[in-house]
Amino acid sequence: MTILVSNSGGTPPGAEWPQIRTVGIDGLLVSFGDRLSEPANRAALALRNAIERADWAGVEETSTSMVSTYLRFDPLWQGHAAMRASLRELLGQQDWFAAALPTGRRLWRIPTVYGTDLAPQLNEAAAVAGLSPEEAMVSISQSRVQVQTIGFAPGQPYLGELPPEWDIPRQTALTDKVPIGALTVAIRQITLFSVSAPTGWRHVGQTAISLFRPDDATPFVVRPGDEVLFEPTTAEELANMRASGPDGGATSEVLS
Amino acid sequence: MTRALIVHRAGPGLSVQDQGRPGYLAYGLSRGGAADRLALVEGAALLEQDESHAALEMVGMGGEFEATEDMRIALTGAPMRASIDGVRVAWSASHSLPAGTRLSIGAAESGTYGYLHLGGGLATPSRLEARSAHMTAGVGAPVQPGSSLPVGEDGNPGSTGLGVDAEPRFDGGEVRFVPSLQTEFFDPAELTRFEAIEFNRDARGNRMGARFLPQGDGFQNETGLSILSEVIVPGDIQITGDGTPFVLLCECQTTGGYPRIGSVLPADLPRVAQAQPGASLRFRLLNLEEAIEVERCEQERRKGLHRTLRPLIRDPRTIPDLLSYQLISGVTAGDDLEKAAK
């Protein structure tokens, strides 16, 4: 596998993957592509697991984003050159794009109210996608999507990939605030909000699941590789499920 | 009565802060912790205790406090007007706070984040391995007036009345940065201009980040708004849609899709966090090797900080019981004032 090493910058045309770049003074990022793809996502997750297993001296933290693995280390303890060399050696050991998904993955069924005043942008998002609101609801609720990464906010998943008609841009103006449990869409992805936050993504569904529980034994509920079905429910049922606890009526079963 | 600090009055955004929660990036939780971590180092040096102790972070404005037992305190970060029972006390210094006296801390004279450290540290419950409030994640919340915050046992109830020369960082100035993920998407001429012009800290900003208004046009780049969301670290300089730089701080989101022109050195991040609205800053690009050398020097300087402490010189006008001192005969050991201060 050829590895293109760039000291800092962007993506040259025709670049080969993976690439290693620096992040600040104490981080390295291994990217497996410049656009989202399922193999690149799997590669990033698998490389992170491999780095964790390798337990290199000086490594302080690892994480993944959509198609990249991040590694933070103490550059006063272990130099950049040595850390890059370790990474290159590890990268050469296998075809990361062919790596398996993480084990212990689960399928979640999360009850969701589509549209109504709980999720006021279903009609608008459907129109941008060229669908009727009813078609939009069917399309999203029948898409079995996968957690590609956790990020932006604690325990907050990015899920995909939705059918091609959902390749809709973010809004130019931000929505002031969406509530916890908001299902939002853009660029063939879903973000399910773990906190209440402003967003450029359109709010098309509302769930009652609490994804970040700082005082629980499991503070972060969903994990990369988990799959999710957002099953339609009514506002009344959702209110009952919300009262039933932090899962908000969501259930999970082990996949692998 | 338990060993505690009573908060009679609290400015907005008063919160318990420590070194934060490194290690949760993969779960979408940024490290958080004190906005000015150097202030924690200074406080620890002044009280001769570990840097892991939690302190109170005050945003632009302090509050009024009372200790239930005699305590040692240190005041660091953005200088604020402080007094104990009406007697002005020095900033960037350690003091005795006798039980029942009132510590009043007013508005910041410069900078943004001031810190009140206690001998033994704040002993509020730990959540996810830290005591820090992380406002954007909803872990913890601002401290409200009327609260009583538990304080740990002081393992070193030694000297007070020491001062530290605080690294100047409260009025803007030069901030150094290294290239980052999307630096090469910016035209070299734009990068040169980024280093050449001055920026003013915008009023918009919080523990997540600070916006800087260029004295001139915004900064354009070739990525458009189409780049994939990628890991974000504190210090990253995002260029938002209108071309304005936004420097991310301790409580930033963990991923983001705006292009980053560079990343501010950890050593200079306190300067970014502390800059008051309107403060003027410049950015200077270093290469990675230079930046790591800066970091090495800064770590060594911080390790040696305790050796630079000096006794405070007390102003006789601020001593309320001046007449009780032996002032006439001249036969004193010369340290009466220090002894009296203990």
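Remarks
- Size check on segment A:162-256: the Cα extents along the three principal axes, sorted descending, read 38, 33, 27 Å.
- Average partner coverage of A:27-39, which counts Cβ from other chains inside 10 Å: 2
- Shape call, chain A: gyration tensor on alpha carbons, a/c limit 1.5: prolate
- Positive-end residue, the protein assembly as shown charge dipole about Cα centroid, Cβ charges, pick of B:Gln182, B:Gln49, B:Val294: B:Gln49
- Between the amide H of A:Val23 and those of A:Leu28, A:Leu29, distances stay under 5 Å, these residues lying 5 or more places away or on another chain, with hydrogens modeled in the peptide plane.
- Placing +1 on the Cβ of every Lys and Arg and -1 on the Cβ of every Asp and Glu, with no other charges, gives segment A:106-254 a dipole of roughly 360 debye about its Cα centre.
- Backbone amide hydrogens, once placed in the peptide plane, bring B:Ala10 within less than 5 Å of B:Glu64, excluding anything fewer than 5 places away on its chain.
- The angle between the Cα long axis of helix B:288-303 and the main principal axis of chain B comes to about 10°, on a 0 to 90 degree scale.
- The C-alpha atoms of chain A define a longest principal axis, and helix A:80-91 lies at about 70 degrees to it.
- Here the protein assembly as shown carries DSSP beta bridges of which approximately 90% are antiparallel, counting only pairs with both residues inside.
- Global geometry of segment B:208-256, whether rounded, prolate or oblate, following the gyration tensor of its Cα atoms and the 1.5 cut on a/c: oblate
- For the protein assembly as shown, size of Cβ-based charge dipole, Lys and Arg +1, Asp and Glu -1, in debye: 500
- For chain B: relative contact order, % (alpha-carbon pairs under 8 angstrom, 6 or more apart): 20
- Once you divide the Cα radius of gyration of the protein assembly as shown by 2.2 N^0.38 Å, the number left is 1.05.
- Partner shielding of B:131-144 amounts to 2, given as the average count of beta-carbon atoms from other chains within 10 Å of each residue beta-carbon.
- Considering segment B:4-166, its Cα convex hull presents a mean projected area of 8.4 nm².
- FRET efficiency, 1/(1 + (r/R0)^6) with R0 45 Å, evaluated for A:Ser244 and A:Glu165 via beta carbons: 0.85
- Here the Karplus relation 6.51 cos²θ - 1.76 cosθ + 1.60, evaluated at θ = phi - 60°, turns the backbone of segment A:211-216 into coupling constants of 8, 10, 10, x, 9, 8 Hz, with x for every Gly and Pro.
- Shielding value for B:253-266 is 4, the average number of Cβ atoms from other chains within 10 Å of each residue's Cβ.
- Translational diffusion coefficient of segment B:157-201 (Stokes-Einstein, Kirkwood radius from Cα pairs, 20 °C, 1.002 mPa s): 148 µm²/s.
- Percentage relative contact order, chain A, counting C-alpha pairs under 8 Å, at least six apart: 19
- Label zone (A:Ala173, point 7 Å along Cα-to-C-beta; backbone nitrogen cut-off 17 Å) within segment A:184-199: A:198-199.
- In order along segment A:159-168, the Karplus-derived 3J(HN,Hα) couplings, from 6.51 cos²θ - 1.76 cosθ + 1.60 at θ = phi - 60°, round to 10, x, 10, 7, x, x, 5, 8, 6, 9 Hz, and Gly and Pro are given as x.
- Sparse-neighbour loop sites [GluC sites (Glu not before Pro); segment B:149-204; at most 15 other C-beta within 10 Å; DSSP]: B:Glu153, B:Glu198
- Amide H to amide H, with H built 1.01 Å from N, B:Arg102 comes under 5 Å of B:Asp85, counting only residues 5 or more places away or on other chains.
- Cβ crowding within 10 Å averaged over residues, with B:294-305, A:227-238 ranked highest first: A:227-238, B:294-305
- Taking the average, over residues, of other Cβ atoms within 10 Å as the packing measure, peptides A:79-91, A:35-47 rank A:35-47, A:79-91 from highest down.
Since every read-out is calculated from the coordinates, none of them should be taken as a lab result. Computed from a prediction, not measured in an experiment: that's the story for all the values here. Because the Cβ atoms are built from the backbone with ideal geometry, glycine has one as well, and the counts that use them run over all protein chains shown.
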